[in-house]
Amino acid sequence: MANEEIILTPEGLQKLKDELEELKTVKRAELASRLKTAISYGDLRENSEYHSAKDDQAFMETRILTIEHILRKARVVSSIDTSAVQVGSTVTLLDVEFDETIDYQIVGPSEADVSQNKISYESPLGQALMGKTVGETITVNAPAGEIAYKLLDIKVS
């Protein structure tokens, strides 16, 4: 797993770079100011503002390290072939049982956000879709049982 590449879309790569820049510049400065103010209150053992700022700092530094790791291991998908589903594809699916369509973009795990219809290629649906072509029916095991989708379209986002 240490040498495993992390697949990102160009959009996902840029989003991570922007977040890293924000954390290293703006957020670090804000936390330094918070810590300075909290230290000025005295006795650090019972200083909740200080402990809160230190917790936030630890979380932020961990996030910075995580993003840097992702960026080191990243492989960005550049050309997307619309003949078969791959990372970066946007697919239109028909839920066979409910006769409803939905669009999903297939992304790397670090970009997945179901609220924006971005699903990881590692998710059960993402795995089932990889390599499929328009017209194929995909069956996914879900907690509620098997769900069948028909792949209606593949496009580039």
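Bear in mind these aren't lab numbers, they're just calculated from the coordinates by the rules spelled out. Small disclaimer: the values here were computed from a predicted structure and weren't measured. FYI the Cβ positions are ideal-geometry reconstructions off the backbone, even for glycines, and counts take in every protein chain you see.
Would you mind stating whether residue 106 is over 24 Å from residue 155 (Cβ atoms) and surrounded by 11 or more Cβ atoms within 10 Å (Cβ to Cβ)? Spelling it out, it is not the case that residue 106 is over 24 Å from residue 155 (Cβ atoms) and surrounded by 11 or more Cβ atoms within 10 Å (Cβ to Cβ).
Among the criteria (1) surrounded by fewer than 13 Cβ atoms within 10 Å (Cβ to Cβ); (2) in contact with a strand residue (DSSP E or B) (Cβ under 9 Å, 6 or more places away or on another chain); (3) in contact (Cβ under 8 Å) with a residue 60 or more places away in the chain, the one residue 91 does not fulfil is (1). What's the total number of residues in the stretch 94-128 that are within 16 Å of the chain's Cα centre (by Cα) and either touching a residue at least 12 places away in the same chain (Cβ under 8 Å) or in a strand (DSSP E or B) (or both)? Number satisfying all stated conditions: 18. In the stretch 130-138, the condition of being part of a strand (DSSP E or B), surrounded by fewer than 18 Cβ atoms within 10 Å (Cβ to Cβ) and of a type in the set (D, E, K, R) is met by no residue. Note on the stretch 4-53: residues that are assigned to a loop (DSSP other than H, G, I, E, B) and either in contact with a Ser or Thr (Cβ under 6 Å, 6 or more places away or on another chain) or free of Cβ contacts under 8 Å to residues at least 40 places away in the same chain (or both) total 4.
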